[in-house]
1. Averaged over its residues, how many other protein chain Cβ atoms are within 10 Å of peptide B:92-103's Cβ atoms?
2. Would you please give the FRET efficiency between B:Lys263 and A:Phe73, computed as 1/(1 + (r/R0)^6) with r the Cβ-Cβ distance and R0 = 51 Å, to the nearest 0.05?
3. Could the peptides B:107-120, B:50-63 be put in order, highest first, of the mean number of other beta-carbon atoms found within 10 Å of their residues?
4. Using alpha carbon centroids, what distance separates region B:134-196 and region A:103-175, in Å?
5. Give, as a single signed number, the net charge of other residues whose beta carbon lies under 14 Å from the beta carbon of B:Ile248, with Lys and Arg counted +1 and Asp and Glu -1.
6. In vacuum, with every alpha carbon of the protein assembly as shown counted as one equal point scatterer, what does the Debye formula give for log10 I(q)/I(0) at q = 0.12 Å⁻¹? Two decimals, please.
7. Quick one: grab the alpha carbon gyration tensor of chain A, order the square roots of its eigenvalues as a ≥ b ≥ c, and give me rounded if a/c is under 1.5, else prolate or oblate depending on whether a/b is larger than b/c.
8. Can you give the average number of partner chain beta-carbon atoms within 10 Å of each beta-carbon in peptide A:185-196, as a whole number?
Amino acid sequence: MQNADEIALHTLTTGRKRVAKTPYILIFPAIVLIAGIMIYPLGTVFYLAFQNYNPTMPFANGFCGLDNFKKIFTTNEFYEALLVSAKWVVAEVVLQLVLGMIVALLLNQKFRGRGFFRAIIFAPWAMSGVLTAVLFSLIFNQNFGVLNDILKKAGWISQNIAWLANTKVVLNSVIIAELWKGIPFFAISLLAAMQGFPQDIYEAARVDGCSRVKVFRHITLPLLKETIILTTLLRTIWEFNSVDLIYALTGGGPVGKTTTLSLLIANQALRTNNYGYGSAISVISFFLLAVVAVIYIGATGFGRESDLQ
Amino acid sequence: MKEKKSAALVRWILVLIASVFVMFPLYWAVNTSLKQQSEILSKSVTYLPRIPVLSNFIDAWTNVGFDQYFFNSIKVSLLSVIFIVMLSIMVGYALSRYKFKGKNIFLGLLLAIQFIPAAVMLIPLFNIFNGIHLIGTHMSLIVVNVTFQFPFCCILMRGFVDNVPVALEEAARIDGCNRFQGVLKVVLPMLVPGIVTVAAFALIGCWNEFMFALMFLNDPAKYTIPIGLNMMQGEYGVHYGAIAAGAIISMSVPVVLFAYLQKYLVTGLSAGAVKG
């Protein structure tokens, strides 16, 4: 349909087949922006990675060979951040997928007030990382935070817990705050896919007397496979890249317990001014991300068809 | 029948748990924002303010500078959105109506650059904007906002252009319009809902942008809302009531936009087309 229309319009407007200049003119500004503000700066990262570059100490700037990479691989900072990143990404993606699935299944059923609850449950999607951090810093506060108060009244704890300063719990606290903001995305994607499912299969299953669990296991899950794979991949990359919330909630502390690789990079830019070192970590995290994406796409067989269009 | 009732009960319990989990932080911010500092800091936590006061909002707005931050955020976001919408109409139209060499590569590029981490771009973009003396200006933020938000918006807009029948443009042609006039008089009016949706998505993204503003802006008079919120948290002797009030002020815009968008989120968009 689209194609026929397109050809009709083309012959109508041009009269004959020729290479149209218009689309290139239309995408030209976008290309300039991508090249100038994305690709070129990205290229300079690879150059800066081999420089000693700190704008507050210009006398020491200059080519330094592999020094930055040596520093990365010989100090603990990088490995610790890598471990935090791994925990962070796995916890976020798995929990968001499971909880998002439950929410989507709930909201896919017909019940009174569904639209209202859908609006409420999805609302955190629109909130910023900094805002989420502020909301949860009020809850997690050691001295007057409401979480300690509730847990004490319930009798589960007797001493106040420093949710954002205790090295044992801080990562979990940050993970919960990000869950609040992240579950809606999964739920929205899964729900969107579910609403496109053919209803007759479900009808048939109901007639055959299948249990809910069986219907989910043998109908819903297989139909959702592609959505789950795509959403999980997108989310893995976004969570790996995300910095706003952690930066605003803990700044990566205490003692680096919540410093992910992306936050380590951001901190080089925002706090320590080690631009060369930060660029070197960027280069490594870039390759990591590419490797993860390739392995994931290969393992799941996703992307063989032109799914991206 | 009995089984159905118990299933409905389980559903209600789960829906309520999810709603409480979402609403609680918002309720707590409202609760905190209406308390006096002494009540916030007191050992006995109160679940409703003893004497509700609005002083925190007045404080955040006038003393902390949220009036300025709010204005700055509006200015940066609106200007960014104007450029984003223009770009996405142009690109969306090109992608929807034309076949051209390199189209797939261009599409792949639009998708791929959404994966570039902001953290990695902080240093190189700082260098570039520093080189052209844009550091400290709202212009630098607008350029970054546009670059990071427009790819997704283009793909979204392409879908909306797809839904405008080509036959309408043909009719306009026959009536003597040239192609540009056809787009202007026929396609654009039909695209209005799509444009509003794209603009709302982009506005949320720009409104929430934090890392680049933190990197580029150095003058408190130019701060946007996320920076203002973050700076308040770092201050000594934190004024929690004002922070909570600032949080509520800052969420006002996304909440209104979300109320408009939430129907599109599920029904209008295919999976993977929603930005997290």
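Values quoted throughout were computed directly from the atomic coordinates according to the rules given, and no laboratory measurement underlies them. Bear in mind that the values here come from a model prediction, so they are computed numbers and not experimental data. Counting neighbours? That spans all protein chains shown, and the Cβs are built from the backbone with ideal geometry, glycine included.
1. Details: counts 1, 4, 9, 4, 2, 10, 9, 6, 8, 3, 4, 3.
Averaged over the peptide's residues, the number is 5.
2. That gives a FRET efficiency of 0.50.
3. The peptides rank, most packed first, as B:107-120, B:50-63.
4. Answer, in whole Å: 39.
5. On the way: positive: B:Lys35; negative: B:Asp59.
In short, 0.
6. Debye curve over Cα of the protein assembly as shown, log10 I(q)/I(0) at q = 0.12 Å⁻¹: -1.33.
7. Numbers: a/c = 2.16, a/b = 1.09, b/c = 1.98.
Since a/c reaches 1.5 but b/c is at least a/b, the shape of chain A is classed as oblate.
8. Numbers: counts 4, 1, 3, 7, 9, 2, 4, 10, 4, 2, 2, 3.
Rounded to a whole number, the mean comes out at 4.
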